[in-house]
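Okay, so here's the structure we're looking at.
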Amino acid sequence: MTTLPADLIARLQEVLGPKGWSMADDVLARHNAEARHKFSGAASLILFPASTDEVARCAALCHQAGVALVPQGGNTGRCGGAVAGENAILINLARMNAVIIDDLDFSATVEAGCLLQNLQDAAVRHDLLFPLALGAQGSCQIGGNLATNAGGLNVIRYGTMRDLVLGLEVVLADGTIWNGLSKLRKDNTGYDLRHLFVGAEGTLGIITRATLKLFPRPRHIATAWCAVNDPQAALDLLARARRDSGDTIAAFELISRFAHDLCIAHLPGCTAPLAQTSDWYVMIELSSSRPVDDLTALLETLLNDAMTDGTVQDAVLAQSETQRAHLWAIREGIPVAQTLEGGSIKHDVSVPVSAIPALIERGIAAAHMLIPGIRPCPFGHVGDGNIHFNFSQPPGMTKPDFLARWDDLNRAIHDIVVDLGGSISAEHGIGLLKVDELAHYADPAKLKLLHAIKAAIDPENRMNPGKIIRNP
Ligand SMILES: Cc1cc2nc3c(=O)[nH]c(=O)nc-3n(C[C@H](O)[C@H](O)[C@H](O)COP(=O)(O)OP(=O)(O)OC[C@H]3O[C@@H](n4cnc5c(N)ncnc54)[C@H](O)[C@@H]3O)c2cc1C
């Protein structure tokens, strides 16, 4: 059953042809689902346009009919951003997946439905690197990455999507196409519109194409797993590595003992990298595109020095690509391993790098006060000040009872984050999940500006309504 106007459906079907839409229950069930089961969509129609022109014609038709559009990429965002209500229509650009690499400009012009993994692979075929890398790269789309300003594992070296984007093409709510595709590294001609759409979570328009930066492909990579006493020691190691490694740090991840132990317990074939156990571990990766670099020797020296002065207790260097993949499998397997341990309450937060130890100490104390026996599972991109501050249910507590404390615990952790000068959303965005939290914590002037920008670009609130900010 659909509540959408029949003539709108017919006109959209005519624009898109038989491959360009679906009202089938199994297809809709897939696209209406939300992995965390905190939200579920109720869309009765999903559009699969094949070109920017088709996107624009669909947007214009929906606009005229007063029906909202919800852009959806790989649906991996985890905060309800790509969920559509029964009166809205989903639009997914999976059929728009072309990639054009420019070796001289070190850029790729990509249709927004391209999977992140496919762009990475296309860059490698040109001996280049597209550096965004994250656990969902096999399913998330470039449009979704841009709309959430995705970060991932290599932000410390290459930045987030905001740093990687040169130009955008966007379809606005009324079907207007803004062609801001550009390979320019310098362009000071007024407001930088691309940055309005990056991180806007589809609330201002549908990103249809992007020009993105590429980099020389690393020829040498050295990866190590280290035991450290506490998060402060991890920061000391980070500072040393920054000073002594000639800007070659590509990733720097913190893993708590609980997170490490969950992987060993739950992930098939996962073994502890070090014989000695530790309360905290760091995974560090150096990379270089210089033909002659010996990063293994550099990392060995760095870690020997850190062991001599007690910053690092023990360490192992990956001796092969298989060993390196094993270390990454542990780090990337943490969310899955935590799911297998029962209910988890998550915080995707960032603070200044120097405030990480305070965040972890104060956050764990506050969580224990609220829910005795709770099991903290902090891990993540400590080099960016971004910790996935997760908590597993206490033994003896049921999953529903634990998850019922989601908002209380979020508020306690977010209070600490904001007190430390941090952000309540480092990576995944606001979506539906954090609309109230954003309204609670945002500077009033910022909120006013967010509403003003939304009203200026999408005055009738047709693009992904209710996400980031409440409907006017
Ligand atoms: C296992 C896992 C690991 C992850 N690791 C990281 C990580 O390390 N770093 C990180 O930053 N994030 C991480 N994420 C979240 C990540 O940001 C998202 O997975 C990804 O960027 C979203 O892309 P998507 O195509 O799935 O978008 P969706 O989830 O489909 O949509 C996300 C938002 O973008 C909007 N959107 C989608 N496409 C478009 C478009 N073409 N135009 C306009 N708006 C659009 C949607 O409306 C929605 O608001 C992870 C997620 C998972 C599941």
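The values are calculated or read from the model by the stated rules, or taken from the named source; none is laboratory data. Quick caveat: nothing in here was measured; it's all calculated off a predicted structure. So basically every Cβ, Gly included, is an ideal-geometry build from the backbone, and we count neighbours across all protein chains shown. Accessible surface areas use protein heavy atoms only, side chains included; no ligands, DNA or RNA. Shrake-Rupley method; radii C 1.70, N 1.55, O 1.52, S 1.80 Å.
So here's what we get for this one:
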| read-out | value |
| --- | --- |
| Residue within segment 262-283 that is open to solvent by less than 50 Å² (accessible area, probe 1.4 Å) and charged (D, E, K, R) present | no |
| Members of segment 197-243 that are of a type in the set (Val, Ile, Thr), open to solvent by 10 Å² or more (accessible area, probe 1.4 Å) and more than 15 Å from the ligand (Cβ to nearest atom) | ILE221 |
| Helices (runs of 4 or more DSSP H) contained entirely in segment 256-339, each with at least 3 residues that are β-branched (Val, Ile, Thr) | 295-308, 321-339 |
| Selection count, segment 99-135, where residues are farther than 28 Å from ILE330 by Cβ and surrounded by fewer than 18 Cβ atoms within 10 Å (Cβ to Cβ) | 8 |
| Long-range neighbours under 6 Å by Cβ, at least six apart or interchain, first residue outside the structural domain of ASP53 (by TED's automatic domain parsing) and of a type in the set (Val, Ile, Thr) within segment 164-177, second assigned to a strand (DSSP E or B) and open to solvent by 10 Å² or more (accessible area, probe 1.4 Å) | VAL170/TRP178; VAL170/ILE207; VAL171/ILE177 |
| Selected residue (only one of ASP401, ASP419 is of a type in the set (Asp, Glu) and either touching a helix residue (DSSP H, G or I) at 6+ places or on another chain (Cβ under 9 Å) or farther than 23 Å from GLY80 by Cα (or both)) | ASP419 |
| Every pair of residues 6+ apart whose Cβ atoms lie under 6 Å, when the first sits in segment 365-391 and is touching a residue at least 24 places away in the same chain (Cβ under 8 Å) and over 17 Å from ILE330 (Cβ atoms) while the second is open to solvent by 20 Å² or more (accessible area, probe 1.4 Å) and among the hydroxyl-bearing types (Ser, Thr, Tyr) | GLY385/SER350; ASN386/SER350 |
| Output for segment 57-105, where each listed residue is of a type in the set (Gly, Ala, Ser), within 27 Å of the chain's Cα centre (by Cα) and not in a strand (DSSP E or B) | ALA59, GLY73, GLY74, GLY77, GLY80, GLY81, ALA82, ALA84, GLY85, ALA94, ALA98 |
| Pairs where the first residue, in segment 109-125, is over 17 Å from THR148 (Cα atoms) and more than 15 Å from the ligand (Cβ to nearest atom) and the second is among the aromatic types (Phe, Trp, Tyr) and open to solvent by less than 50 Å² (accessible area, probe 1.4 Å), C-beta under 7 Å, 6+ apart | ALA123/PHE130 |
| Selection from segment 427-461 of residues that are charged (D, E, K, R), open to solvent by less than 60 Å² (accessible area, probe 1.4 Å) and either farther than 16 Å from ALA147 by Cβ or without any contact (Cβ under 8 Å) to a residue 24 or more places away in the chain (or both) | GLU437 |
| Tally of residues being touching a Pro at 6+ places or on another chain (Cβ under 9 Å) and part of a strand (DSSP E or B) across segment 341-374 | 1 |
| Within segment 91-108, considering residues that are touching a residue at least 60 places away in the same chain (Cβ under 8 Å) and not charged (D, E, K, R), the one nearest to the ligand (Cβ to nearest atom) | LEU93 |
